[in-house]
Amino acid sequence: MLPPKQNFSEWFHEVIQQAEIMDIRYPVKGLYVWRPFGFKIRQLVYSKLRELLDRDHDEVYFPTLIPETELGKEGEHIKGFEDEVFWVTHGGLEPLDVKLALRPTSETAMYPIFKLWIRSHADLPLKVYQIVNTFRYETKHTRPLIRLREITSFKEAHTAHRNYEEAEQQVREAVKLYKEFYDFLAVPYLVFRRPDWDKFPGADYTIAFDTIMPDGRTLQIGTVHHLADNFAKTFDIKYETPKGDHAYVHQTCYGISERCIAALISIHGDDLGLILPFEVAPIQIVIIPILYKGKEEKVIGLSKNLFERLKGFGYRVLLDDSDERPGAKYYKWELKGVPMRFEVGPKEAESGKVVVSFRDEKKKFEVDFDEITKEKIEEWAKNLKERLKNKAIESAKSKIKFFDSLEELADWIEKRGVGLIHLCNSTECGEEVEEKAKGSVLGRLEEIPEWLEEFEPKGACIVCGGEGYLTGVARTY
Ligand code: P5A
């Protein structure tokens, strides 16, 4: 049995184990094992991410180890990462001449090589990505899929452009791409421009995607950084312009980790377990024959026909003809989030009917065997996704409220979710909010989604009364 989802932290901890996503018993802090079922979800989710990126990025692979001399070159970058780096100091018993860092991210692995690749304006834009593991010595509470010391599924994209504006255009493209990805997962998000004190080390500015977890804390599920020519100057990445002179490139980078799967699980799941959208479910349809003595043959016959038909359509379908009671089977497949369940009992088998139910709804209904077409399944899958999306948006909306008092804001973000305020750009005002509200300033809302249109984009700063912008504040993971 799972704890109720209301106790979100325990629920999450249990559901990833009971649904066989992760094994959390690996004996190194912050490192976890993907089990086969979890790894299949990962594969399905990441193949969508790949599909989106492959439209106009090339996939590459850069090494895991970065020489200390490269990692330390960009001043801001190393300041941001120095207390998070794992070091390789020895080869066997020999101390290494130059220590090697396990990549915390790959800017300093890639950019010295970008310098060699980029010669002329014709080499631009350069757009590459890799999906690799990265290592961060996190000191905050580690949690599977959420805060890892080995991030196993780090998708990092890196691009280079002719000037600041073209890189900025790429930032917008990347934001669009991440929106498409999270819309596909029916995971709602807020897009913020992070305050200056919270941008990526070495970046000009950072745009972040946050989702609101069931306990009201936010989870940063992706970031897009405009790097301007900061790294280009450090790594001397120049190109020859059409006029024949030389200019530094302007760069962007953007990343998503397995937090996307943490969000998928947390946003849609319920007291019974996972609820997976059809496209990313390792098992999309389960068929459960209801067997009674003497009537087995017809039931099994129809179940097998159904199985063959669905398999023929190309779906991931399972016929559960094990000896367990139907109740035990329901329990098991509900826990694993199988979106569609088809039951065949003796009465139905007699009349060529099937009982259909969806993971997110309590009701069951009957359809004729012949009505189960590919079009019908697609329609059901689409409707299921739509219901998941609406439910998730409703839940997110109920956790967002506007405030013009810092005391009330503090109370809300402690117990409920995200507070919206009007805040100016000054660091002092931001710090005062963080101190009084005991939460993080997520930044100015980069764009206001349709479902939040009731809020005023501008207003007087809650601290100083100056020109303020709609800004999120929350406790964060
Ligand atoms: C962008 C890609 C970068 O590292 N360099 C290449 C840039 N950005 S980031 O914000 O630091 O990380 C990208 C996203 O990775 C997730 N993330 C984590 N996930 C799990 N465990 C961690 N310890 C962890 N740290 C970062 C976040 O979603 C972040 O936005």
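Derivation of every value follows stated rules applied to the coordinates shown; laboratory data play no part. All of these numbers come straight from a predicted model, not from anything done at the bench. As a convention, Cβ positions derive from the backbone with ideal geometry for all residues, glycine included, and neighbour counts pool all protein chains shown.
Which entries of Lys295/Lys363; Lys48/Lys298; Lys99/Lys176; Lys332/Lys374; Lys140/Lys238 show an alpha-carbon separation above 32 angstrom in the structure shown?
In this structure, Lys48/Lys298; Lys99/Lys176; Lys140/Lys238 lie more than 32 Å apart at Cα.
Based only on other Cβ atoms within 10 Å, what is the fewest-to-most ordering of Trp87, Trp117, Trp412?
Trp117, Trp87, Trp412
What percentages, rounded to whole numbers, describe P(r) for the chain computed over all alpha carbon pairs with 10 Å bin width beginning at zero?
Result, from short to long distances: 4, 17, 25, 24, 17, 9, 4, 1, 0 percent.
In terms of the Cα gyration tensor, with a ≥ b ≥ c the square roots of its eigenvalues, is region 118-183 rounded because a/c is under 1.5, prolate because a/b exceeds b/c, or oblate?
prolate
5 Å is the cut-off here: which amide hydrogens, built 1.01 Å from N in the peptide plane, fall below it relative to Tyr205, excluding neighbours closer than 5 in sequence?
His226
Helix 296-312 sits at what angle to the longest principal axis of the chain, using alpha carbons and giving 0 to 90 degrees rounded to 10?
Roughly 30 degrees, rounded to the nearest 10.
Could you work out the relative contact order of region 233-336, using alpha carbon pairs under 8 angstrom and six or more residues apart, expressed as a whole percent?
24
Dipole size in debye (nearest 20) for the chain around its Cα centre, Lys and Arg Cβ +1, Asp and Glu Cβ -1?
With only Lys, Arg, Asp and Glu charged at Cβ, the dipole is about 1460 debye.
Could you give each residue of region 453-459 its phi-based ³J(HN,Hα) in whole Hz, using Karplus coefficients 6.51, -1.76, 1.60 with θ = phi - 60°, and x for Gly or Pro?
With coefficients 6.51, -1.76 and 1.60, one gets 5, 6, 8, 6, x, 10, x Hz.
List, in the order given, every pair from Lys29/Lys199; Lys293/Lys329; Lys304/Lys329; Lys29/Lys438; Lys199/Lys415; Lys79/Lys436 whose Cα-Cα distance in the structure shown is over 25 Å.
Check vs 25 Å cut-off fails for Lys29/Lys199; Lys29/Lys438; Lys199/Lys415; Lys79/Lys436.
Measure nothing but the geometry: give the 0 to 90° angle between the long axis through the Cα atoms of 374-398 and the longest principal axis through the Cα atoms of the chain, rounded to 10°.
For 374-398 against the chain, the angle is about 50 degrees.
Bin width 10 Å, alpha-carbon pairs only: give the P(r) of region 208-296 as whole percents, running from 0 to the bin holding the largest distance.
13, 23, 19, 16, 15, 8, 3, 3, 1
Expected output is a single nm value to one decimal: the length gained when fully extending between Ala460 and Asn425, i.e. 0.36 nm times separation in residues minus the C-alpha distance. What is it?
Length gained, Ala460 through Asn425: 11.4 nm.
Could you list log10 I(q)/I(0) for region 228-348 at q = 0.13, 0.22 Å⁻¹, which the Debye formula gives when each Cα is one point scatterer?
Each listed q maps to, in turn, -0.65, -1.19.
Please report, largest first and rounded to whole Å, the three semi-axes of the ellipsoid equivalent to region 183-253, where each semi-axis is the square root of five times an eigenvalue of the C-alpha gyration tensor.
Each semi-axis is √(5λ); the values are 34, 13, 8 Å.
Provide the per-residue ³J(HN,Hα) series for region 100-112, in order, calculated from phi with Karplus coefficients 6.51, -1.76, 1.60 and θ = phi - 60°, each as a whole number of Hz, with x at glycine and proline positions.
10, 8, 6, 3, x, 4, 10, 3, 7, 7, 7, 5, x
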